[in-house]
2 protein chains.
Amino acid sequence: MVQNIYNQSCTHLLAVDCIIFGYLQDELKLLLFKRRIEPAKGQWSLVGGWVQDNESVEDAAYRVLYGITGLKDLFLEQVQVFSEPDRDPGGRVLSVAFYALIRIDKQDEELIKKNSSSWFAISKLPKLIFDHDKMLEKALEKLRKKASIELIGRQLLPEEFTILQLRKLYSAIFQREFDPGNFRKKIMSTGILKRLDTKDKSMSKKGAYYYTYKDRSEDLFTDHIVRYL
Amino acid sequence: MVQNIYNQSCTHLLAVDCIIFGYLQDELKLLLFKRRIEPAKGQWSLVGGWVQDNESVEDAAYRVLYGITGLKDLFLEQVQVFSEPDRDPGGRVLSVAFYALIRIDKQDEELIKKNSSSWFAISKLPKLIFDHDKMLEKALEKLRKKASIELIGRQLLPEEFTILQLRKLYSAIFQREFDPGNFRKKIMSTGILKRLDTKDKSMSKKGAYYYTYKDRSEDLFTDHIVRYL
DNA sequence: GCAAAAGTGTTCATAATACACCCATGT
DNA sequence: ACATGGGTGTATTATGAACACTTTTGC
């Protein structure tokens, strides 16, 4: 028991669970993990861990993510707390859900394998334990909200990418098609992207220019990208 | 110590803190509470309490709110967890912040007094303890987001109100003026409000019609109210 | 030359903004 | 009769959606 001056005792275990999004081969993907402890041992679960004594829940989430992907710099945002008394049959466990965006091309593949975790397309997920489905749903909602008001992709796509790739990412997130012309105009009007001189010829004979994010330009744009709801 | 099958011990106390918004006399207000325990005894704090063993954090927030306002039906939404290890000098306390919208005309004034709590205009707040300022800031952000995509007011204004009152509420929330004509048109276009036959003559000689929310109409409207950011 | 994707331009509908103007009435 | 807020209408501009059209180049 940790010391405190309140006349209270600890009754809840505290965990974090991470909804880890990645993007590969035109699909939004989720990193899952084969649970190694009872209950529900061997079933697929979100990547999670206990919160230590001397760290914030954010610290814990970063630590857990580093442990499984080898990445230190990644986007992380709190989703919400899940605290139904019976959510975990193993005890009274409170879990803080986070969602993370990671670039699959940067991750440590060995580490992922060693941790018996793997990527699943968001449309072909296995059954998840406990209330992890609900966590995913909330995280997706938050991701959509974020993507609708700012240009995401920096955290998910490779350093250099085409507008087509970006558009497909948005299609994956919102589960709908975007008009190629209008999408391009909208994106370019933000002034966030910089065109490079190189082209990707894998998709067409003409070739599509590669783009990158300009440095530190996230703050100059404030309009919406997609209107949804 | 609560029983669990994990090889873990409890190290965090768990609390909820509520950012309680109300609206009175053209001002957005916050219900604060004079802290009765050390540390920071006697200072102003958000309304909070411990999470019991057998309840979710939402349950705890409702219980705390009922205890201080006497109200059972009120709007409540989770903001986020605050968990910096040193946020509370009294011990390792994790707090889940919620914001609530309540109708000041419905509250139990006696109870509020008895609890040594009182309403403060959002623009004239006293210094708050710990990280409660940060909690308020995040809650306000969430409230603005909510108000920008749906018509709030049902939870804050009296049963019958004028468009002017609603506009002033929005002005208070967003800290800016809205064009009276355009605001009215926008609001009326939602079809959520119903005009009554009575008028409020306190503000003008002509008198302004009272309006109420139609029953169960929150779901039919999906557009934005205010564009912000 | 043609197919296929890249990229640009044009048109139309809708929505946000600014603001002029009439209305009702207590003093 | 006039000042005051209530309420309506209109002109202007900005934005989004649909889609036609031009460009490039491997085959």
Only four residue types carry charge here, +1 at the Cβ of Lys and Arg and -1 at the Cβ of Asp and Glu. Report the dipole size of the protein assembly as shown about the Cα centre in Debye, rounded to the nearest 20.
1620
Where along chain B is the Cβ that lies nearest the axis linking it to chain A, and how many Å separate them?
B:10, 1
Please report the net charge: other residues with Cβ closer than 15 Å to the Cβ of residue B:144, K and R +1, D and E -1.
+3
Averaged over the residues of A:45-53, the number of partner chain Cβ atoms within 10 Å of each residue's own Cβ comes to 2
May I ask you to list the aspartates and glutamates whose Cα is less than 12 Å away from that of residue B:194, ignoring any residue fewer than eight positions away on the same chain?
B:159, B:160, B:215
Taking Cα pairs closer than 8 Å and at least 6 residues apart, the relative contact order of chain A in percent is 21
Flagged as over-length at 28 Å C-alpha distance, from A:113/A:201; A:72/A:146; B:113/B:205, the pairs are A:113/A:201; B:113/B:205
Helix A:180-189 versus the longest principal axis of chain A: what angle, 0 to 90°, nearest 10, using Cα atoms?
80
Spin-label model distance (nm) - residue A:209 vs residue B:228, 7 Å beyond Cα toward Cβ:
3.7
Output field shielding_mean for B:80-90 (other chain Cβ, 10 Å radius) holds 5
Taking the alpha-carbon distance from residue A:168 and a cut-off under 12 Å, which aspartates and glutamates remain once sequence neighbours fewer than 8 residues away in the same chain are dropped?
A:26, A:27, A:177, A:179
Give me the Å³ per residue figure for the convex hull around the C-alpha atoms of the protein assembly as shown.
168
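If each residue's Cβ is checked for other Cβ atoms within 10 Å, how do B:195, A:103 rank with the fewest at the top?
Taking fewest neighbouring Cβ atoms as first place, the list is B:195, A:103.
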Once the mean 1/r over all distinct Cα pairs of chain B is inverted, what Kirkwood radius in angstroms do you read off?
19.3
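Count the net charge of all other residues whose Cβ sits under 11 Å from the Cβ of residue B:77, scoring Lys and Arg as +1 and Asp and Glu as -1. Show your work: numbers first, answer last.
Values: positive: B:142, B:145, B:146; negative: B:58.
Net local charge, residue B:77 excluded: +2.
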Ignore the peptide's own chain and count Cβ atoms of other chains within 10 Å of each Cβ in B:9-17; give me the average, rounded.
6
For the charge dipole of the stretch A:150-229, defined by +1 on Lys and Arg C-beta atoms and -1 on Asp and Glu C-beta atoms about the Cα centroid, which residue among A:190, A:156, A:208 has the Cα displaced farthest towards the positive pole?
A:208
Ranked from highest to lowest mean number of other Cβ atoms within 10 Å per residue, what is the order of the peptides A:35-44, B:151-160, A:16-25?
A:16-25, B:151-160, A:35-44
Using the Karplus curve 6.51 cos²θ - 1.76 cosθ + 1.60 with θ = phi - 60°, what ³J(HN,Hα) values do you get for each residue of the stretch A:57-62, in whole Hz, with x for Gly and Pro?
5, 5, 4, 4, 5, 4
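Where a number appears in this text, it was derived from the coordinates with a stated rule and is not lab data. Everything numeric in this text was worked out from a predicted model, so none of it was measured. Cβ coordinates were reconstructed from backbone atoms using ideal geometry, including for glycine residues, and neighbour counts include every protein chain displayed.
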